[in-house]
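> This is the structure I want to talk about, given as structure tokens.
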Amino acid sequence: MKLKNISTIRTGLVTTRKKATIVDSEIIPYKVITLKSFNPNGSLRVDNLDTFISKEKIKESYLTQANDVLIRLREPNIAINITEENSGLVIPSFVASIRVDKTKVDNKFLTYYLNSTTAKKALNSSITGTAINMIKTKELENLDIQLPSLQEQKKIVEFLDLTSKEINLLEELKNQKEKYYKEVFNNILKNGAIK
């Protein structure tokens, strides 16, 4: 099944067209998605949002909504899932927003699928550009997806969510251990003994 048959895909806003200047009477601040906002695990890095000052109100279609799937059109083509608390963010032009038909596809399943090696291989064949490699929205629309039933998709998402949590916990444990070992080593150098 083609992605365009189960979703609406739209490229984000060209922010330079809406950017406020000193002479603008109305200015409206928004938070905007950046390239660094895309966590490879499929979640939004809220600490990597920027502030964007607009000269006018931005249309809802250019703002994130709960259950949106965003994908970077520039490499690496990482997809993220938008939650309720992350709605209302500006979607820039180097990002495509995918609003799924919830009767056919689970948005988190689609996020995992777009981050899979299967989807990445299919998308890599359509990358264009010399200096900046990008995928075209048309290629994204024509991406073939093998969809299990909605019930199976939800089970797969449950399993992958648990796997992601485990990986994040192991990563945090690794970071804490590295920090601990550095402190122990520095303590040995400083005092000549383990304390």
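> Taking only region 81-97 into account, find how many residues are β-branched (Val, Ile, Thr) and in contact with a helix residue (DSSP H, G or I) (Cβ under 7 Å, 6 or more places away or on another chain).
2
> Moving to a separate point now. Quick one: which residue in SER87, SER54, SER7, SER43 is surrounded by 13 or more Cβ atoms within 10 Å (Cβ to Cβ), touching a strand residue (DSSP E or B) at 6+ places or on another chain (Cβ under 9 Å) and touching a residue at least 40 places away in the same chain (Cβ under 8 Å)?
Just one listed residue meets the conditions, SER7.
> A further question follows. Looking only at region 114-127, count every residue that is assigned to a helix (DSSP H, G or I) and surrounded by fewer than 22 Cβ atoms within 10 Å (Cβ to Cβ) and tell me the total.
8
> Would you mind stating whether THR118 is over 22 Å from ASP101 (Cα atoms) and within 21 Å of the chain's Cα centre (by Cα)?
no
> Do you know which residues across region 96-124 are farther than 16 Å from LEU143 by Cα and either free of Cβ contacts under 8 Å to residues at least 60 places away in the same chain or touching a Lys or Arg at 6+ places or on another chain (Cβ under 7 Å) (or both)?
The answer is LYS102, THR103, ASP106.
> Let me ask something else. Could you tell me which numbered condition THR21 fails, if it satisfies all but one of (1) in a loop (DSSP other than H, G, I, E, B); (2) β-branched (Val, Ile, Thr); (3) crowded, with 16+ Cβ neighbours inside 10 Å?
All conditions pass for THR21, except number (3).
> Another one. Among the residues of region 70-84, write down those that are in contact (Cβ under 8 Å) with a residue 60 or more places away in the chain and open to solvent by less than 50 Å² (accessible area, probe 1.4 Å).
ILE71, LEU73
> Yes or no: THR111 closer than 19 Å to ILE135 by Cβ and either open to solvent by less than 20 Å² (accessible area, probe 1.4 Å) or at pLDDT below 90 (or both)?
Yes, satisfied.
> Shifting gears a bit: Residue by residue through region 90-105, note down the ones that are open to solvent by less than 20 Å² (accessible area, probe 1.4 Å) and within 17 Å of LEU150 (Cβ to Cβ).
Within region 90-105, ILE98, VAL105 meet the criteria.
> Among LYS165, LYS182, which is the only one that is surrounded by 10 or more Cβ atoms within 10 Å (Cβ to Cβ), more than 21 Å from ARG72 (Cβ to Cβ) and modelled with pLDDT of 90 or more?
Just a single option satisfies the conditions, and that option is LYS182.
> Can you find a residue that is at pLDDT below 90, open to solvent by 40 Å² or more (accessible area, probe 1.4 Å) and in a helix (DSSP H, G or I) anywhere in region 139-155?
Yes, that holds for at least one residue.
The values are calculated or read from the model by the stated rules, or taken from the named source; none is laboratory data. Computed from a predicted model, the values in this text were never measured in an experiment. Quick reminder, even Gly has a Cβ in these numbers, built from the backbone with ideal geometry, and neighbours come from all protein chains shown. Please note that ligands, DNA and RNA were not included when accessible areas were found on the heavy atoms of the full protein model with its side chains. Shrake-Rupley method; radii C 1.70, N 1.55, O 1.52, S 1.80 Å.
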